[in-house]
Amino acid sequence: MFFILSKVLFYLIMPIIWILGFFLYGLLTKNQKRGRVFLWLSLGLLLFFSNPFLINEAWLAWEYEPVPLKKINQYDAGILLTGFTSLEKSPHDRVYTNKGADRLLHTVMLYKTGHIDKVLVTGGSGALRKVYASEAEEVKKLLRLSGVPSADIILEDKSRNTYENARFTKKLLANHPELKRFIVITSAFHMRRSTACFSKAGIPHDVFPTDFNSTDRLFRIEGLIPAESALAGWHKLFHEISGYIIYKLMGYC
């Protein structure tokens, strides 16, 4: 039930829903004075949430900062969280990835440079309907193509969310007492919730954020021009913040 409710809640908090709601109310209400207020309010919200500079500032405040490679220690395993493959595209003779594929690329980089000895991939599927494979299985295919041997890949393929990533990984590690030092690898915007969940599960670890939505702070005229990508960025950020708050309230992290 929690899994389904969390999906529904995401759509209810999207800024575009509120912008459209205020606009329609302002357009349809019989109170003209109140209608004008809501129309101006919807326009103001649209300009705010479509501003590239503001969403970049929000990302800079929320995301974990990059960790310089020279500060990375050596770990028994890198714990790679999935969420960057698509299981709803055919034909199924290849692996489809999205923007979050930096998680995979940086994991391979850490493995190739000797910072991690093994890769523990955690993730089943976040889809509401049945899919043909788990994300962990799909990611393993990409790791193998990248030169990581099967002997150095461990799969946890049942989890559906970050809470289960940590919980099921903890159970899996009971079968691998030789692994003691870990680094969690996931998107920078997702790291706050991830590290809290893994700490709650009792897995000591360092973090390696990747897949950044933010850029270095630059003051350019383009940053003041409304862009649909900024609106999409707020949707993504609100989703993650709400998820983090819910996890805290539920005691998941």
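Values in this text are rule-based calculations from the coordinates and carry no lab data. Keep in mind that this is a model prediction, so the values were computed, not measured. A quick note on method: Cβ atoms are made from the backbone with ideal geometry, for glycine too, and the neighbour counts reach across all protein chains shown.
How high is the FRET efficiency from Asp117 to Glu65, r the C-beta distance, R0 25 Å, rounded to 0.05?
It comes out at approximately 0.50.
Taking a virtual spin label 7 Å from the Cα of Ile13 along the C-beta vector, which residues in the stretch 208-242 bring their backbone nitrogen under 15 Å of it?
233-242
Applying the Karplus parametrisation 6.51 cos²θ - 1.76 cosθ + 1.60 with θ = phi - 60° to the phi angles of the stretch 55-69, what ³J(HN,Hα) value in whole Hz is obtained for each residue in order, glycine and proline being reported as x?
5, 5, 5, 5, 5, 4, 6, 8, 6, 5, 6, x, 9, x, 4
Amide H neighbours of Val67 under 5 Å, counting only residues 5+ apart in sequence or on other chains, H built in-plane at 1.01 Å?
Amide H neighbours of Val67, under 5 Å, 5+ apart: none.
Which cross-chain or sequence-distant (5 or more) residues have an amide H under 5 Å from the amide H of Thr186, H modelled 1.01 Å from N in plane?
Placed amide hydrogens put Phe208, Thr210 under 5 Å from Thr186.
So if I take the centroid of the Cα atoms in the stretch 49-95 and the same for the stretch 146-195, what is the distance between those two points in Å?
15
So who's got an amide H within less than 5 Å of the one on Ser125, skipping anything under 5 residues away but keeping other chains? H placed 1.01 Å off N, in plane.
So Ser125 has HN proximity to Glu135.
In angstroms, what radius of gyration and Dmax does the stretch 112-245 have, counting Cα atoms only?
So, for the stretch 112-245, Rg and Dmax equal 17.3, 55 Å respectively.
Can you list the HN-Hα couplings for the stretch 103-115, worked out from phi with the Karplus curve (6.51, -1.76, 1.60; θ = phi - 60°), rounded to whole Hz and with x for Gly and Pro?
Couplings: 4, 5, 4, 6, 5, 4, 4, 5, 5, 5, 8, x, 7 Hz.
When you have a sec, figure out the Kirkwood radius of the chain from all distinct Cα pair distances and drop it here in Å to one decimal?
Radius from the Kirkwood sum: 19.9 Å.
Which length gain, in nm to one decimal place, applies between Phe238 and Arg217 when the Cα-Cα distance is subtracted from 0.36 nm times their residue separation?
Going from the current span to full extension adds 5.5 nm.
Show me the ranking of peptides 193-200, 115-122 by mean Cβ neighbours inside 10 Å, starting with the highest.
Ranked from most to least packed, the peptides come out as 115-122, 193-200.
Would you kindly derive the ³J(HN,Hα) couplings of the stretch 181-192 from the backbone phi angles with the Karplus curve 6.51 cos²θ - 1.76 cosθ + 1.60 (θ = phi - 60°), listing them in order in whole Hz, with x for Gly and Pro?
These are the phi-based 3J(HN,Hα) values: 10, 10, 10, 8, 10, 7, 5, 4, 5, 9, 5, 4 Hz.
Just the number, please: percent antiparallel of the DSSP beta bridges in the chain, rounded to the nearest 5.
That works out to approximately 10 percent antiparallel.
Going through the stretch 159-230, which GluC sites (Glu not before Pro) have at most 13 other Cβ atoms within 10 Å and a DSSP loop state?
Filter output for the stretch 159-230: Glu178.
So what's the back-of-envelope 222 nm ellipticity for the chain, counting only DSSP H runs of four-plus at -39500 (n - 2.57) apiece and dividing by all residues, rounded to 500?
Taking each H run of at least 4 residues, the total per residue is -15500 deg cm²/dmol.
With both partners inside the stretch 59-159, how many of the DSSP beta bridges are antiparallel, as a percent to the nearest 5?
Once the DSSP bridges in the stretch 59-159 are tallied, antiparallel ones form about 15 percent.
Taking Rh as the Kirkwood radius computed over C-alpha pairs, what is the Stokes-Einstein D of the stretch 2-63 at 10 °C in a medium of viscosity 1.306 mPa s, expressed in µm² per second?
Translational diffusion coefficient: 119 µm²/s.
Do any chymotrypsin sites (Phe, Trp or Tyr not before Pro) in the stretch 56-133 lie in a loop, going by DSSP, with at most 16 other beta-carbon atoms within 10 Å of their beta carbon, and if so which?
Here the chymotrypsin sites (Phe, Trp or Tyr not before Pro) that fit, given the DSSP loop and packing criteria, are Tyr132.
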